[in-house]
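K.L.:
Could you have a look at this structure, given as structure tokens, before my questions?
The values are calculated or read from the model by the stated rules, or taken from the named source; none is laboratory data. Keep in mind the model is a prediction, meaning the values are calculated, not measured. As a convention, Cβ positions derive from the backbone with ideal geometry for all residues, glycine included, and neighbour counts pool all protein chains shown.
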Amino acid sequence: MTQEVIKIRGGQTLKGEVTISGAKNSAVAIIPATLLAQGQVKLDGLPQISDVETLVSLLEDLNIKAQLNGKTLEVDTSEIQNAPLPNNKVESLRASYYMMGAMLGRFKKCVIGLPGGCPLGPRPIDQHIKGFKALGAEIDESNDTSMKIEAKELHGANIFLDMVSVGATINIMLAAVHAKGQTVIENAAKEPEVVDVANFLNSLGANIKGAGTSTLKINGVKDLHGSEYQIIPDRIEAGTYMCIAAAVGEEITINNIVPKHVEALTVKLKELGVDIEIDGDAEKAIIKRKPMYKNVDIKTLVYPGFATDLQQPITPLLFMADGPSFVTETIYPARFRHVDELKHMGANIDADMQTGTATIKPSTLNGADVYASDLRAGACLIIAGLLAEGITTIYNVRHIYRGYTDIVTHLKTLGADIWTEEV
Ligand code: EPU
């Protein structure tokens, strides 16, 4: 069997501009959320990634008319039908769990396969389930591969999340928009993608207050109409290009960013000593690389802290530092599957997945054959490949295509020696 690989001949300096797409982690929640609308919905600014295509095809499985044209999606739910979704599409991505909340909200009933996604260690959905139950749903988990969720009636409830969870906050919000009375989610996630989903639902006529704070209040409404909605820029894609620019950019302008959303990364890059200029009015960042940086410590946290999704992409910059850096991963302690691959490239890096920590020492990288175990590990290996001497071949690139719009083309345009091959 053949598979596509990404090949990079490292050592080039990149120059030019790149424009960031709409946020993957908003899009993958807002697409399922469209099934709650009774009118027509038009989404704009979608990233062109395989996760979007998979979710659109799940909408079609519910007899929804969904037309995806590049960055826009038009959805018409007038002939929607409830259908079981226990299939391999559901298992191919994590965010399919948002079909649970949305279908529960719309039909009070769904049968759906268990979510997959990047292997980052255990990724339970107990808080989602706890929320659905509090709203009045009963869950049948007797089947190993799918779940049946059903409610006679959905009613408002006070739900205190045991941990801050983006997925649980959004999923409960989706299920609660039609519940009778008020739902309050305490210890809610404050990530910009949560705010984006709340804004989208409010554009349909939902009544959600407090998005972006740790207390979310959802007053149930009977009907939701259609709307046109623009997805926010992807702060993780932006952050990835900021790291690329700091690694190999002679001068790179990154357009379509929300400076506030990338603030934790910007501050960390400045601490490293990166030459970075943020133009808030023009919503862009201009970054020039330096040959050497200062060592820094990084601890991943929920928003507005340093995003776990940028922990892997920033790692190659730490090889350019003049001393050892220490990384603590508090969200997914096992999110270190890039480490062995980097070692193949000659990196001086060690991780402990029990404690969720890694020590990264100054290193010179050489091209090697490496495997992208997950989406952000893939981004990390691309940056390492751009820095390395010689050719790096990245296998398992389907993970990268799940989350980055046209990354190979963008990098080629910036001057990278990068191409794909069937092997
Ligand atoms: N958790 C539980 N129980 C739950 C839910 C979460 O124990 O019911 C734990 C998780 O295992 C994790 C922590 O709580 O340790 C936070 O998980 P969260 O629910 O916030 O993560 P998620 O919603 O599954 C989203 C993004 C991830 C991103 C995390 C953290 C999507 C589709 N995924 O995942 O994005 O890392 O939030 O910000 O929105 C990525 O884009 O590469 C990616 C993995």
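K.L.:
So, in the range 174-192, exactly how many residues are assigned to a strand (DSSP E or B) and either within 16 Å of the ligand (Cβ to nearest atom) or crowded, with 24+ Cβ neighbours inside 10 Å (or both)?
P.N.:
Summing the residues that are assigned to a strand (DSSP E or B) and either within 16 Å of the ligand (Cβ to nearest atom) or crowded, with 24+ Cβ neighbours inside 10 Å (or both) in the range 174-192 gives 3.
K.L.:
For a quick check of your reading: which helices (runs of 4 or more DSSP H) sit entirely within the range 370-423 and have at least 2 residues that are touching a residue at least 60 places away in the same chain (Cβ under 8 Å) and away from the ligand (no atom under 16 Å from the Cβ)?
P.N.:
Once the helices (runs of 4 or more DSSP H) in the range 370-423 are filtered for at least 2 residues that are touching a residue at least 60 places away in the same chain (Cβ under 8 Å) and away from the ligand (no atom under 16 Å from the Cβ), what remains is 375-387, 407-413.
K.L.:
Which fully enclosed strands (runs of 3 or more DSSP E) of the range 39-135 have 2 or more residues being under 23 Å from the mean Cα position of the chain (by Cα), surrounded by fewer than 20 Cβ atoms within 10 Å (Cβ to Cβ) and of a type outside the set (Asp, Glu)?
P.N.:
Qualifying strands (runs of 3 or more DSSP E): 65-69.
K.L.:
With the condition kept exactly as written, say whether any residue in the range 137-149 is modelled with pLDDT of 95 or more, away from the ligand (no atom under 13 Å from the Cβ) and under 17 Å from residue 206 (Cα atoms).
P.N.:
no
K.L.:
Still on this structure, please answer the following. Going through the range 218-235 one residue at a time, which ones are under 19 Å from residue 131 (Cβ atoms) and either surrounded by 18 or more Cβ atoms within 10 Å (Cβ to Cβ) or in contact with a Pro (Cβ under 8 Å, 6 or more places away or on another chain) (or both)?
P.N.:
Within the range 218-235, 218, 220 meet the criteria.
K.L.:
Cβ contacts < 7 Å: first residue under 17 Å from residue 190 (Cα atoms) and near the ligand (Cβ under 10 Å from one of its atoms), restricted to the range 301-315; second residue in a loop (DSSP other than H, G, I, E, B) and among the hydroxyl-bearing types (Ser, Thr, Tyr), any location; separation 6+ or different chain. Result?
P.N.:
As it stands, the answer is 301/330; 308/332, since those pairs meet every condition given.
K.L.:
Kindly list, by first and then second residue, each pair from a residue in the range 62-85 that is of a type in the set (S, T, N, Q) to a residue that is exposed (fewer than 12 other Cβ atoms within 10 Å of the Cβ), limited to pairs with Cβ atoms under 7 Å and residues at least 6 apart or on different chains.
P.N.:
Close Cβ pairs satisfying both conditions: 63/79; 63/81.
K.L.:
For the range 158-173, what are the residues that are touching a strand residue (DSSP E or B) at 6+ places or on another chain (Cβ under 9 Å) and within 16 Å of the ligand (Cβ to nearest atom)?
P.N.:
Correct list: 159, 160, 161, 168, 169, 172, 173.
K.L.:
Specify the residue that is nearest to the ligand (Cβ to nearest atom); the eligible residues are those in the range 282-300 that are in a loop (DSSP other than H, G, I, E, B) and surrounded by 17 or more Cβ atoms within 10 Å (Cβ to Cβ).
P.N.:
By that ranking, first place goes to 296.
K.L.:
Is the range 392-414 home to any residue that is surrounded by fewer than 22 Cβ atoms within 10 Å (Cβ to Cβ) and closer than 17 Å to residue 318 by Cα?
P.N.:
no
K.L.:
Continuing with this model, one more query. Please state which of the following conditions residue 150 fails to meet, knowing it meets all the rest: (1) part of a loop (DSSP other than H, G, I, E, B); (2) surrounded by fewer than 20 Cβ atoms within 10 Å (Cβ to Cβ).
P.N.:
Of (1) part of a loop (DSSP other than H, G, I, E, B); (2) surrounded by fewer than 20 Cβ atoms within 10 Å (Cβ to Cβ), only one is false for residue 150: (1).
K.L.:
Still on this structure: For residue 359, all conditions in the list (1) touching a Phe, Trp or Tyr at 6+ places or on another chain (Cβ under 7 Å); (2) of a type in the set (Val, Ile, Thr); (3) assigned to a loop (DSSP other than H, G, I, E, B) hold save one; what is the number of the exception?
P.N.:
Checking residue 359 against (1) touching a Phe, Trp or Tyr at 6+ places or on another chain (Cβ under 7 Å); (2) of a type in the set (Val, Ile, Thr); (3) assigned to a loop (DSSP other than H, G, I, E, B), the one that fails is (3).
Results for (1) closer than 19 Å to residue 305 by Cα; (2) modelled with pLDDT of 95 or more; (3) touching a helix residue (DSSP H, G or I) at 6+ places or on another chain (Cβ under 8 Å), shown as yes or no for each residue.
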position	(1), (2), (3)
199	no, yes, no
203	no, yes, no
219	no, yes, no
243	yes, yes, yes
277	no, yes, no
280	no, no, yes
285	no, yes, yes
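K.L.:
Quick check on my filter: what residues within the range 207-229 are among the small types (Gly, Ala, Ser), closer than 25 Å to residue 165 by Cα and not in a strand (DSSP E or B)?
P.N.:
Passing the criteria: 210, 212, 214, 220.
K.L.:
Regarding residue 258, is this residue modelled with pLDDT of 95 or more, β-branched (Val, Ile, Thr) and touching a Pro at 6+ places or on another chain (Cβ under 9 Å)?
P.N.:
Yes; evaluated as a whole, the condition is true for this residue.
K.L.:
With respect to residue 54, is the statement that it is at pLDDT 95 or above and hydroxyl-bearing (Ser, Thr, Tyr) true?
P.N.:
No: the conditions fail for residue 54.
K.L.:
Another question about this same structure. Please specify each residue of the range 321-348 satisfying the condition of being touching a strand residue (DSSP E or B) at 6+ places or on another chain (Cβ under 7 Å) and buried (at least 23 other Cβ atoms within 10 Å of the Cβ).
P.N.:
Those that are touching a strand residue (DSSP E or B) at 6+ places or on another chain (Cβ under 7 Å) and buried (at least 23 other Cβ atoms within 10 Å of the Cβ): 325, 327, 329, 336, 341, 342, 345.
K.L.:
One residue is enough: does the range 193-209 have a residue meeting the conditions away from the ligand (no atom under 14 Å from the Cβ), free of Cβ contacts under 8 Å to residues at least 12 places away in the same chain, surrounded by 16 or more Cβ atoms within 10 Å (Cβ to Cβ) and under 21 Å from residue 42 (Cα atoms)?
P.N.:
Checking the range 193-209: at least one residue is away from the ligand (no atom under 14 Å from the Cβ), free of Cβ contacts under 8 Å to residues at least 12 places away in the same chain, surrounded by 16 or more Cβ atoms within 10 Å (Cβ to Cβ) and under 21 Å from residue 42 (Cα atoms).
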